[in-house]
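Every number here is computed from the coordinates shown, using simple stated rules; none is lab data. This structure is a prediction, so every number in the text was calculated from the model and none was measured. FYI the Cβ positions are ideal-geometry reconstructions off the backbone, even for glycines, and counts take in every protein chain you see.
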Amino acid sequence: MSLVFHILDEIEAYQCARQINEIAKEFGFSQFDAGMFSIAVTEIVINSIRYAKDVKVSCRYTQNNKGLEVYIEDKGKGIKNIQHSLQDGNSSAKDSLGFGLGAAKRSVDEFLIEKSDTSGTSIILRKYIDEPTYEYSPVSVKKEASQFNSDAYFIKHYDGDKSLFAIIEGKGDDLSAYKTVQSVKGLLLEEYRLPLKDIVRYINLMLSNNDAFEDITLVLLRLLPDKLEYLILGNGFILSYPEMKFQAYTQASCLKLPEDLSVQQELLPEQFCIVLASDGIEYNDFLNKEVCNLSTLELATDIFNKYNLDDASTIIAVKREENNVRN
């Protein structure tokens, strides 16, 4: 599917957005998500038609057929200050929706300014239907005697067929450790699409450049349609059933990266059960066919109750059963 709209005025801009709203609903988006997508399209197209010419809007499926992509291009003078325009409320169009590029960016899964110069501006918007083919549940509990949880977890499903799971473990159990792991969690929210090695290097840079931050250890797991990739720094671990061997840099941390830092990959079986755990959980071969019949929440809770070491403990259980596998 590929539709092209040549926009001559604001009436046609609104008509285009309404048609994209209908296409999104037919594709399977909820009314809310389809509406947010079309509002983002409207804001950008209205700005283009008011300050540029030869505005063209193309709508098509994403490459993996899990979402929609809208490509907007014009022959204007470009966006003078992109960073300023991305701030909330800085819509350049008088009497516009007041939405702004920043809010438009948050309304879609991908917002790419492909180019913006004196020859014109090209912007790509992508939104996906996120329907994981697996079940997952986290459990994170602070050390009983501590006021703060020095662990954090991060889960992000994106592009309709990918997920990033992370367990972030701070040093100690004080306020500084808590602030550090929460800041790292914020960085992951911004950079989750990056390769795992780049994510780790960004974390290293952030921690190195701020004396208020402490060191952390990290468990990262990315699930892709047909494989997984992972990186473990410290004594956290990953177990799976059927069994896969997960290697860790046990002596490393995000401020003490190994010189041979590399991301490991494994083929992803159609049915699996995977557990990520912080070092507040005793390492044990606790996965088997029987326990993997539990729900992920039951499994994570059961592991915590049996194997926690009276420390901040975090577990993420992920599994895919035969009835969740898509043809």
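If each DSSP helix of 4+ residues adds -39,500 (n - 2.57) and the sum is divided by the residues in the chain, what number results at 222 nm, nearest 500 deg cm²/dmol?
Details: 7 runs with 92 residues, N = 327.
Only helices count here, giving -9000 deg cm²/dmol.
Any chance you could run the full-extension gain for residue 265 through residue 30? It's 0.36 nm times the residue separation minus the Cα-Cα distance, nm to one decimal.
81.2 nm
Considering all alpha-carbon pairs of segment 102-200, what whole percent are spaced by more than 15 angstrom?
71
Binned at 10 Å from 0, what are the whole-percent values of the Cα-Cα distance distribution for the chain, short to long?
Taking all Cα pairs of the chain, the binned fractions are 6, 23, 25, 22, 17, 7, 1 percent.
What dipole magnitude, in Debye to the nearest 20, does segment 192-231 give about its Cα centre under +1 on Lys/Arg Cβ and -1 on Asp/Glu Cβ?
240
Using θ = phi - 60° and the Karplus relation 6.51 cos²θ - 1.76 cosθ + 1.60, list the HN-Hα couplings for segment 171-177 in order, rounded to whole Hz, with x at every Gly or Pro.
Couplings: 8, x, 9, 9, 4, 4, 5 Hz.
How do 25-34, 274-283 rank on mean C-beta neighbours within 10 Å, highest first?
274-283, 25-34
For the peptides 229-240, 256-267, what is the packing order when you average, over each peptide's residues, the other Cβ atoms within 10 Å and list the highest mean first? Don't skip to the end; give the middle numbers.
Values: 229-240: 21.8, 256-267: 11.9.
Highest-to-lowest ranking by the protection proxy: 229-240, 256-267.
Assuming 0.36 nm per residue, please report the length gained on full extension of the stretch residue 305 to residue 245 beyond their Cα-Cα distance.
Extra length from residue 305 to residue 245 when fully extended: 19.1 nm.
If amide H atoms are built 1.01 Å from N in the plane of the peptide, which residues on other chains or at least 5 residues away come under 5 Å of the amide H of residue 255?
Long-range HN contacts for residue 255: 216.
If you put +1 on each Lys and Arg Cβ and -1 on each Asp and Glu Cβ, how big is the dipole of the chain around its Cα centre, in Debye rounded to 20?
1040
For a label point 7 Å from the Cα of residue 75 along Cα→C-beta, name the residues of segment 43-62 whose backbone N is under 17 Å from it.
Of the residues in segment 43-62, 48-58 have backbone N under 17 Å from the label point off residue 75.
Give the angle, between 0 and 90 degrees and rounded to the nearest 10, that separates the Cα long axis of helix 31-51 from the longest principal axis of the Cα atoms of the chain.
50
Which semi-axis lengths, in whole Å and largest first, follow from the square roots of five times the eigenvalues of the Cα gyration tensor of segment 142-289?
Values: eigenvalues 120, 65, 41 Å².
Semi-axes, largest first: 24, 18, 14 Å.
Using the charge dipole of the chain (Lys, Arg: +1 at Cβ; Asp, Glu: -1 at Cβ; taken about the Cα centre), state which of 235, 166, 204 has its Cα farthest towards the positive end.
204
Report the extension gain between residue 212 and residue 10 in nm, rounded to one decimal, defined as 0.36 nm multiplied by the number of residues separating them, less their alpha carbon distance.
Contour length minus the Cα-Cα distance gives 67.7 nm.
What is the distance in Å between the Cα centres of segment 22-75 and segment 111-178?
Centre-to-centre distance over Cα atoms comes out at 25 Å.
Greater than 29 Å separation of Cα atoms is the criterion. Which listed pairs, 66/142; 77/156; 143/185; 197/319, meet it?
Those over the limit are 66/142; 77/156.
Average the reciprocal distances over every distinct pair of alpha-carbons in segment 113-171, invert the result, and give the Kirkwood radius in Å.
For segment 113-171, the Kirkwood estimate is 15.4 Å.
If I take R0 = 45 Å and measure r between the Cβ atoms of residue 135 and residue 114 in this structure, what FRET efficiency does the formula 1/(1 + (r/R0)^6) give, to the nearest 0.05?
0.75
Identify, among 254, 275, 318, the residue whose Cα sits farthest towards the positive end of the charge dipole of the chain, taking +1 on the Cβ of Lys and Arg and -1 on the Cβ of Asp and Glu, with the dipole about the Cα centre.
Highest projection toward the positive end goes to 254.
Can you tell me the 0 to 90 degree angle between the C-alpha axis of helix 196-208 and the longest principal axis of the chain, rounded to 10?
That helix lies at roughly 80 degrees to the long axis.
Ignoring solvent entirely, what values of log10 I(q)/I(0) come out of the Debye formula for segment 229-327 at 0.11, 0.12 Å⁻¹ when each Cα is a single scatterer?
Listed by q, the Debye log ratios stand at -0.36, -0.42.
Sorting check: for 137-146, 46-55, 289-298, 212-221, which peptide has the highest mean count of neighbouring beta carbons within 10 Å, and how do the rest follow? List each step's numbers first, then the result.
Details: 137-146: 16.0, 46-55: 19.9, 289-298: 14.2, 212-221: 21.8.
Descending packing order for the listed peptides: 212-221, 46-55, 137-146, 289-298.
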